[in-house]
1. Can you name the condition, by its number, that Tyr170 falls short on among (1) within 18 Å of the chain's Cα centre (by Cα); (2) within 26 Å of Glu124 (Cα to Cα)?
2. Select from region 386-404 the residues that are of a type in the set (A, V, I, L, M) and out of contact with any Lys or Arg (no Cβ under 9 Å at 6 or more places or on another chain) and list them in ascending order.
3. Can you tell me which residue is surrounded by the fewest Cβ atoms within 10 Å (Cβ to Cβ) among those in region 390-414 that are under 24 Å from the mean Cα position of the chain (by Cα) and of a type in the set (Asp, Glu)?
4. Every residue in region 49-102 that is surrounded by fewer than 16 Cβ atoms within 10 Å (Cβ to Cβ), among the acidic types (Asp, Glu) and touching a residue at least 12 places away in the same chain (Cβ under 8 Å), please.
5. Looking at region 231-252, is at least one residue surrounded by fewer than 16 Cβ atoms within 10 Å (Cβ to Cβ), among the basic types (Lys, Arg) and either in contact with a Leu (Cβ under 6 Å, 6 or more places away or on another chain) or without any contact (Cβ under 8 Å) to a residue 60 or more places away in the chain (or both)?
6. Condition test on Ala273, is it surrounded by fewer than 19 Cβ atoms within 10 Å (Cβ to Cβ) and either farther than 30 Å from Ile202 by Cβ or not assigned by TED's automatic domain parsing to the domain that holds Ala425 (or both)?
7. Out of the residues in region 5-57 that are β-branched (Val, Ile, Thr) and modelled with pLDDT under 80, which is farthest from Val395 (Cα to Cα)?
8. Could you check, for region 352-364, whether at least one of its residues is closer than 30 Å to Gly208 by Cα, free of Cβ contacts under 8 Å to residues at least 40 places away in the same chain and among the hydrophobic types (A, V, I, L, M, F, W, C)?
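The values are calculated or read from the model by the stated rules, or taken from the named source; none is laboratory data. It should be emphasised that the depicted structure is a prediction, and the values quoted were computed from it without experimental measurement. Neighbour counts are summed over all protein chains in view; Cβ atoms, including those assigned to glycine, are modelled from backbone coordinates with ideal geometry.
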Amino acid sequence: MRRLGVNRSDGFIKEMNLVPEKSIVDRLQVFYLPMHVQSVVSWCGSFVTGVDLADGEEILQELLVSLLDKGTQHKNRFEIGGFLENRGARLGFRSDGRRCSFSGKALREDVGDVMGVMYEILTEPLLDTEEFEKAKGKLTSVLRRASYSTDQRAAIALSQLLYDQHHPNYLPTFEQELDTVASITHDQLVELFHTRFLSRDIQLVVTGDLDVGEHDTILAKLFTSWSGEERHIPQHEADRGKDAETAFIPLADRDNLDVRMGHTVDLKRDDPAYVPLLAGVFALGGNFSARLMTEVRDEQGLTYGIGSSLVGCEPENNGHFQVAVTLSKENLERGIAATKDVVGRFVEEGVDSKELERQKEAIAGAYKVRLSTTSGAARALLHSVERNLGEDYLVRFHEQIRILNVQGVNDAITRYLQPDRLCEAIAGTLPDSDAALA
């Protein structure tokens, strides 16, 4: 075991006590982050699965993960629920693209027992046929309700304008997902679990009131029988996307329309330009003091909600720049025009020193809040190690934000943001003049 080198003179790091330790327990990578809490331990982890996103297997995996805590080969769902309730503990499981994520929280003296149940759930789920049919019905209902969301409809349409169907950021339509759910069989789900679910690529972060040696012993005892192939998330070459195309998604009785504008960026999460561009996009539309909010919302009164973000940039694939705005039918054309005008002027002008310093403080403040709880710190650290950014990235990200300068941020804005390439996806009840928008 080794203690990672950190800059102890950094006041932020010292205050938050972000001093992770790394341990290798059999095939499990464990990252420990002690925090000043009494008797509480939180953890989260993930492993890469063998699903094929292009073949709709993300839905199959989502169904599988939803069944994990519905019983094991040794405990039914009520025994699991009672066990956790009696200890005031929590466990959670989530399908996350090509990963399965898990999390937990317990009193220090109960961690070994709770992690034991978690391990049993992951490795010996019951996958009951009756529960499978219930899960299919529930997911079908969720998808049908979501299909009326202008926000989600616009996001799906924009993804399909920007990416081909094999790109990880491409989103299928609700109709396609409903057809996939209907076609999935219990045998397919069981086959996925036994052949392509568990993998050797498993990472775990533990935070809170820690005794590292004690937790190493617990994990070594549990994970000696963990099985699965070694898997890695495949690389995807940059997809430039289409130029300035518009998609309309008509939905009845939705007078407030959601609009998504965006274009792909040839940028991955581990690129040195990612953080400068992230800060620039935040200055454009990341909070209430950003350009889009002050000009389109406060000054022109065209919307209650507008913002910009970088979406889907990972070490294995590029992502896209996005602006999201909600507009009434009456303000649709003016709102889109005003939004494009602000984006265009922002790219031409860039940020000034006062603006950048204000947004750097906002980003750092949000970062500190995120890391202020055991579960928040665990998720942030896991996010870093999953993406091979390093165990010390919690330290380095803060430093990268602190040293940003106007020149570096504006260079990233000019290089990556291209207003003339913005595609548009508009979802809701379209005005009679929708043809003019095209």
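1. Just one mismatch for Tyr170, condition (2).
2. Passing the criteria: Leu394, Val395, Ile403.
3. The extreme case among them is Glu399.
4. Of everything in region 49-102, just one residue is surrounded by fewer than 16 Cβ atoms within 10 Å (Cβ to Cβ), among the acidic types (Asp, Glu) and touching a residue at least 12 places away in the same chain (Cβ under 8 Å), namely Asp96.
5. Within region 231-252, one or more residues are surrounded by fewer than 16 Cβ atoms within 10 Å (Cβ to Cβ), among the basic types (Lys, Arg) and either in contact with a Leu (Cβ under 6 Å, 6 or more places away or on another chain) or without any contact (Cβ under 8 Å) to a residue 60 or more places away in the chain (or both).
6. So Ala273 fits the description; yes.
7. Val25
8. No, because not a single residue in region 352-364 is closer than 30 Å to Gly208 by Cα, free of Cβ contacts under 8 Å to residues at least 40 places away in the same chain and among the hydrophobic types (A, V, I, L, M, F, W, C).
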